[in-house]
């Protein structure tokens, strides 16, 4: 049953980037010079999986665990109540391009049957669903620069239309050899050319959260995809102010409301994140909002992706802290990690 | 608040297939039982066992161009201008722009990430900006239709375009060649002599609206994920998705007159789908009429669900159904199911149609359409 007024809460977040701690760590994203090895982790059940899937599973597990939805690696709620949205532009590019080469040059002898599911763009989403037993709606967004925020937007819509009561949202991009060659900015330092990581959010209807005694305080308020950042920001009702401003990757002021209190610019702290960016932004926003802001700070975080000349459009997501609800006992992000906003012009 | 029996208007449809350009051309060819695979041209298959496919005739073009053709036709049928500035466009595709990426990689060139999705083409052609490329499995475009209906139900839009498009990638073609036990030269859904699926190119679009004239109505789309296996379907999941679609449409299984099956002609999938259809509808000869077109169009991957929606809309509108080409000796699991033999339907014309789309990863979608009154 569709209920457009359903409140959608952030129930848990997860980060899978070498060296970046969970949640609040994204606000600073200070990475050690050498990532922990091996990365991404590989187990008996994932050794034939593509890199994007292996990274996505790490982030999804962290988010589900933080949401209190996992016990001994299994779901604590019926799988039919949990859906999946994955955002990735480059996820299966490596398998696709290498398999295409091998198919033409060597025929079947050059190919592995285990790569068949990865030829299709939904492999990460179906693998996350299979790993955790998620039977509700299973979506994959491959929507360019805005893809991560679009995934968050579709998760909210799936909850409001009653297709699920909880949604796992994963944004993932793998630094596989093919995207590193074809897409990455070769002018950047090696290791900084393309994100090799994922972020995940678990979103839940307020009713479902209350039903299991999880009164979370951060809500996803609005989503829009429009011609440019300014139009998207107006459409989510944040044209005047936001507590935290999470700008699009390319230009830190594109769509920026006149009044902001803090900035979290991932283009300055992480490699280009493509389809993972929007989910990373929302995880950072949730961490920032989970701490009581100083008086006078709007309890909102505004994330914008896309809008560069090469992009087809821009998207915005607005998150807010519900002041009437008790704050969960999450460790708060150290606020100094937030870059202070430049003075208003 | 919408009740469970809320319906949405299919105001226009568009299709581009190996049978030709346009809904009418495609549907007429299907009803005449035309179409079949030919040797593939898009890439070199000399090292592969399989050589055939269902490519769109004429010079090769990007899937984005086919998509725009189908959307333009659907808008024209709906009497709407080719301006989608304020209209959401939801596109389901299994292989999106990946063939272009394969070509670039073969020459070790660079790739513009925007070429992997369809937003730029839709903005350039129709001014659309609320555009979404869903990289799903073979049910991708039926998922797009479901989400389009959700946008109408939520009051977020009065008109939405849902579309599907797919091309043939060398990776998917080669990996199927590697995985399938045989190398099919024809597609024979549900037949004992079937030897596997063959890929096809295609694009399909529908304009879904809250009000106004309708070619057919959409009553429900149920979505489900088996969460069992990365490629093989789960019979329980296929049954459950169909049952849920009936519940959401407020109908009983016995109300369904026509089923557009997925029917890829693959060994495992056809068996699972036939078992599921038999469990939902019974095998005593009382089953709805079942159509499957992939002997004539090939398996159009993520486009197939919406192409089936376009075909089912024409069946409901005209009372004609395409014959189940390639099927002469049904598999045991399909015994007692009624397959279309072509020509006008005997008895009463179909009023309620079901569309099945089942994808890799057990990502299932089932839609229920009704005749426009």
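Quick one: count up the residues across segment A:307-320 that are buried (at least 24 other Cβ atoms within 10 Å of the Cβ) and either modelled with pLDDT under 95 or assigned to a loop (DSSP other than H, G, I, E, B) (or both).
The number of residues fulfilling the criteria is 3.
Listed here are the residues, each with its yes/no results for (1) in contact (Cβ under 8 Å) with a residue 40 or more places away in the chain; (2) within 14 Å of chain A (Cβ to nearest Cβ).
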{"site": "B:8", "(1), (2)": "yes, yes"}
{"site": "B:11", "(1), (2)": "yes, no"}
{"site": "B:22", "(1), (2)": "yes, no"}
{"site": "B:30", "(1), (2)": "yes, no"}
{"site": "B:33", "(1), (2)": "yes, no"}
{"site": "B:52", "(1), (2)": "yes, no"}
{"site": "B:58", "(1), (2)": "no, no"}
{"site": "B:69", "(1), (2)": "yes, no"}
* Residue, surrounded by the fewest Cβ atoms within 10 Å (Cβ to Cβ), within segment A:293-306, restricted to residues that are in contact (Cβ under 8 Å) with a residue 40 or more places away in the chain and out of contact with any helix residue (DSSP H, G or I) (no Cβ under 9 Å at 6 or more places or on another chain) -> A:297
* Looking at segment B:97-127, which of its residues are in a helix (DSSP H, G or I), out of contact with any helix residue (DSSP H, G or I) (no Cβ under 8 Å at 6 or more places or on another chain) and at the interface with another protein chain (Cβ under 8 Å from one of its Cβ atoms)? -> B:123
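Filter segment B:226-241 for residues that are crowded, with 24+ Cβ neighbours inside 10 Å and under 20 Å from the mean Cα position of the chain (by Cα) and give the result.
Within segment B:226-241, B:226, B:233, B:238, B:241 meet the criteria.
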* Asked: Within segment B:102-117, is there a residue that is at negative phi and within 21 Å of the chain's Cα centre (by Cα)?
  -> yes
* Among the residues of segment A:131-139, is there at least one that is assigned to a helix (DSSP H, G or I), facing chain B (nearest Cβ under 7 Å) and either modelled with pLDDT of 95 or more or over 30 Å from residue A:303 (Cα atoms) (or both)? -> no
* To do: Of the conditions (1) within 14 Å of chain A (Cβ to nearest Cβ); (2) in a helix (DSSP H, G or I); (3) surrounded by fewer than 15 Cβ atoms within 10 Å (Cβ to Cβ), residue B:86 clears all except one; give me its number.
  => (2)
* Criterion violated by residue A:158 - all others in (1) facing another protein chain (nearest Cβ under 7 Å); (2) farther than 20 Å from residue A:273 by Cα satisfied -> (1)
* Does segment A:108-122 hold any residues that are crowded, with 24+ Cβ neighbours inside 10 Å and more than 7 Å from chain B (Cβ to nearest Cβ), and which are they? -> A:118
* Asked: Residue check, residue B:269 against (1) under 18 Å from the mean Cα position of the chain (by Cα); (2) over 25 Å from residue A:133 (Cβ atoms), all met but one. Which one?
  -> (2)
* Inspect all residues belonging to segment A:180-203 and state whether any of them is in contact (Cβ under 8 Å) with a residue 60 or more places away in the chain, within 29 Å of residue A:290 (Cα to Cα) and in a helix (DSSP H, G or I). => no
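The values are calculated or read from the model by the stated rules, or taken from the named source; none is laboratory data. Remember, predicted model here, so these are calculated numbers, not experimental data. Using ideal geometry, Cβ is built from the backbone for each residue, glycine included, and neighbour counts are taken over all protein chains shown.
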